[in-house]
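Participant: Sharing a structure with you now.
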Amino acid sequence: MAPPGRPPRKLCFVTIGATASFNTLVSACFEQPFLDALSSAGYTDLLIQYGAEGRRIFDVFTMEVRVNARTRLNIEGFDFNAKGLAAEMRAAKGDGGREEGVVISHAGSGSILDALRLGVPLIVVPNPELLDNHQVELAEALAEQGYVVHGSLDDLPTALARSQTLRERQKQWPPVNSGQHRQARGLAGVMDEEMGFLD
């Protein structure tokens, strides 16, 4: 909860991972339709982990945004965090007096698992520049099972809107991606499965 008299903060955290550059995702975050979609959805902060090669792009776009007053969002960024991204993802989850936000991530399995563990709504954007790219298959499979929103570089506003639906579905019980057998048996069935009493 935000301190009295101060409006609540809401964070969109974007990560490109630690190994490959993904400058096109960094650039897509500064497109006006996406900035407008964030503002319309009540976001106050945009935090971008832009990687070693994305600093120049980030600096150019943030200067342009500030000079042209294109958004009221607080935009910050960093290249790499040796301690991991758990604190940033928790902030997007809504810890520390913030409303629940969203994480936008490349389709790297480590970043995806970190966000899924926290239960923060996750938009997965595959990097089309990678060779032997299995990121699309991973994003599609996880989206089909209801774990993430499969986003694309050219339509982040739509993915952001779909993340709100994902947020609502994640709060349902039993989880929508738990399978028909769990839904049919209710809480008792889930408890039996957790305890190892399977049919």
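Participant: Can you name every residue in the range 86-109 that is surrounded by 15 or more Cβ atoms within 10 Å (Cβ to Cβ), over 8 Å from PHE13 (Cβ atoms) and not basic (Lys, Arg)? Spell out the reasoning first.
Facilitator: Restricting attention to the range 86-109, the residues satisfying the condition of being surrounded by 15 or more Cβ atoms within 10 Å (Cβ to Cβ) are 88-94, 98-108.
Filter again for over 8 Å from PHE13 (Cβ atoms), leaving 90, 93-94, 98-100, 105-108.
Of everything in the range 86-109, those that are surrounded by 15 or more Cβ atoms within 10 Å (Cβ to Cβ), over 8 Å from PHE13 (Cβ atoms) and not basic (Lys, Arg) turn out to be GLY94, GLU99, GLU100, SER105, HIS106, ALA107, GLY108.
Participant: So, of the residues in the range 44-80 that are of a type in the set (Ser, Thr, Tyr) and within 17 Å of LEU25 (Cβ to Cβ), which turns out to be farthest from the chain's Cα centre (by Cα)?
Facilitator: Step one: filter the range 44-80 for residues of a type in the set (Ser, Thr, Tyr), giving 44, 50, 62, 71.
Still in the running and within 17 Å of LEU25 (Cβ to Cβ): 50, 62.
Details: TYR50: 14, THR62: 20 Å.
The selected residue is THR62.
Participant: Something else now. With respect to the numbered conditions (1) aromatic (Phe, Trp, Tyr); (2) free of Cβ contacts under 8 Å to residues at least 40 places away in the same chain; (3) part of a strand (DSSP E or B), which one is the sole condition not fulfilled by PHE58?
Facilitator: Exception for PHE58: condition (3).
Participant: Restricting to the range 61-100, name every residue that is part of a helix (DSSP H, G or I), without any contact (Cβ under 8 Å) to a residue 12 or more places away in the chain and either on the phi > 0 side of the Ramachandran plot or small (Gly, Ala, Ser) (or both). Don't jump to the end; show me each part of the working.
Facilitator: Of the range 61-100, the ones part of a helix (DSSP H, G or I) are 61-68, 86-93.
Cutting the leftovers down to without any contact (Cβ under 8 Å) to a residue 12 or more places away in the chain gives us 63, 66-68, 87.
Scanning the range 61-100 gives a single hit, ALA87.
Participant: For residues in the range 135-163 being in a loop (DSSP other than H, G, I, E, B) and without any contact (Cβ under 8 Å) to a residue 40 or more places away in the chain, which is surrounded by the most Cβ atoms within 10 Å (Cβ to Cβ)? It would help to see each step written out before you state the result.
Facilitator: Narrowing the range 135-163 to residues in a loop (DSSP other than H, G, I, E, B): 145-148, 151-155.
Remaining after also requiring without any contact (Cβ under 8 Å) to a residue 40 or more places away in the chain: 145-148, 152, 155.
Numbers: GLN145: 11, GLY146: 14, TYR147: 18, VAL148: 27, SER152: 15, ASP155: 16.
Result: VAL148.
Participant: Select from the range 20-49 the residues that are among the acidic types (Asp, Glu) and either surrounded by fewer than 18 Cβ atoms within 10 Å (Cβ to Cβ) or over 17 Å from LEU85 (Cβ atoms) (or both) and list them in ascending order.
Facilitator: Keep residues of the range 20-49 that are among the acidic types (Asp, Glu), which gives 31, 36, 45.
Selection gives GLU31, ASP36.
Participant: Would you check if there is a residue in the range 26-47 being in contact with a Gly (Cβ under 9 Å, 6 or more places away or on another chain), assigned to a loop (DSSP other than H, G, I, E, B) and closer than 30 Å to HIS134 by Cβ?
Facilitator: No, the conditions are met nowhere in the range 26-47.
Participant: Let me ask something additional. If I filter the range 124-134 for residues that are under 11 Å from the mean Cα position of the chain (by Cα), touching a residue at least 12 places away in the same chain (Cβ under 8 Å) and surrounded by 13 or more Cβ atoms within 10 Å (Cβ to Cβ), do I get at least one hit?
Facilitator: If we filter the range 124-134 for residues that are under 11 Å from the mean Cα position of the chain (by Cα), which is where we start, we get 124-125.
Checking the rest, the ones that are also touching a residue at least 12 places away in the same chain (Cβ under 8 Å) come to 124-125.
Within this subset, residues satisfying the condition of being surrounded by 13 or more Cβ atoms within 10 Å (Cβ to Cβ) are 124-125.
Scanning the range 124-134, I find at least one residue that is under 11 Å from the mean Cα position of the chain (by Cα), touching a residue at least 12 places away in the same chain (Cβ under 8 Å) and surrounded by 13 or more Cβ atoms within 10 Å (Cβ to Cβ), so the answer is yes.
Only the coordinates and a few stated rules stand behind these numbers; no lab work does. The structure displayed is predicted, hence computed values, not measured ones. All Cβ positions, glycine included, derive from the backbone under ideal geometry; neighbour counts span all protein chains shown.
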